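K.L.:
Mind looking over this structure? Questions follow.
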Amino acid sequence: MKRTTHPKSRQAAGFVVCALVAAISAGCANQIDTALPATAVASTPAVTLPAPIPTPYLSNDAPGELSGEVVTALLSVRDAAPALYPANYAGIASGTAASKDMLVIYLADTTPAIEAELLAMSGLPADKIVFEPAYQSLEAAGVIDRRIMAGVPALRAQGIDLQTFGVGVDGVEDIGMDDPTDEQIAYLFEQYGPYLRIDRNVTPARLL
């Protein structure tokens, strides 16, 4: 028996097919509209670094002349203060042009009593001595400095090559590097704390 499709049935079937095609197309359109553009790439968050710690203004000037009395006071304070005030004494920055023959002492968490004792120890008149704030004491900074010394091989294995490092007169660890990345600098702050002063432009020394 030969079967034929009724014209109306064919029309109805055609309508259903068109509706299905339209529905499928609409669904695809919605997916495309909500999808990310093909060129979109997830961006890596920028590294946030602490604000640079300024270099002590007295430590980078050309050497100036010191009188005998200031030299004597400097030696007395330098030799005695670290042991007497381990939580306070950071360093001395005399001997620069900016110091104008003054004894300049950096102290962390100082008090009037400590300053009065250091003034008496120096044997200088009050107008020949200047107290400057330090970020931390020489003793506290020394702990960080020794940790960095011990960690140099591990840092180098990670591609972090320190050209120079040492404690500044204000209790900050001065680090010299040759064009480091922000990620490398952020790692140093994470490992060694906030009191780092990093010079990014210290090139490797040439061996003669």
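The values are calculated or read from the model by the stated rules, or taken from the named source; none is laboratory data. Nothing here was measured: the structure is a model prediction, and the numbers come from that model. Glycine gets a Cβ as well: all are built from the backbone with ideal geometry, and neighbour counts include every protein chain shown. Ligands, DNA and RNA are excluded from the accessible area calculation, which covers all protein heavy atoms including side chains. Shrake-Rupley method; radii C 1.70, N 1.55, O 1.52, S 1.80 Å.
K.L.:
With a point put 7 Å past each Cα toward its Cβ, work out how far E69 is from Q163 in nm, to one decimal.
P.N.:
Rounded to a tenth, the inter-label distance reads 4.3 nm.
K.L.:
Considering amide H positions built from the backbone, and no H for Pro or chain starts, which residues 5 or more places from G176, or on another chain, come under 5 Å of its amide H?
P.N.:
Residues meeting the amide H criterion: Q163, T164, F165, D199.
K.L.:
Quick one: length gained pulling E117 to F189 fully straight, 0.36 nm per residue minus the C-alpha distance?
P.N.:
Taking E117 through F189 to full extension adds about 22.4 nm, to one decimal.
K.L.:
Taking the square root of 5 times each eigenvalue of the Cα gyration tensor, what semi-axes in Å does the equivalent ellipsoid of segment 141-203 have, largest first?
P.N.:
Taking √(5λ) for each eigenvalue gives 16, 13, 11 Å, largest first.
K.L.:
To continue, here is another question. Enter the accessible area per residue of segment 70-208 (Å², integer; probe 1.4 Å; all protein chains in place).
P.N.:
Ligands and nucleic acids excluded, the figure is 52 Å² per residue.
K.L.:
Given labels modelled 7 Å from the Cα in the Cβ direction, how far is it in nm from R156 to A87?
P.N.:
It works out to 3.8 nm between the two label points.
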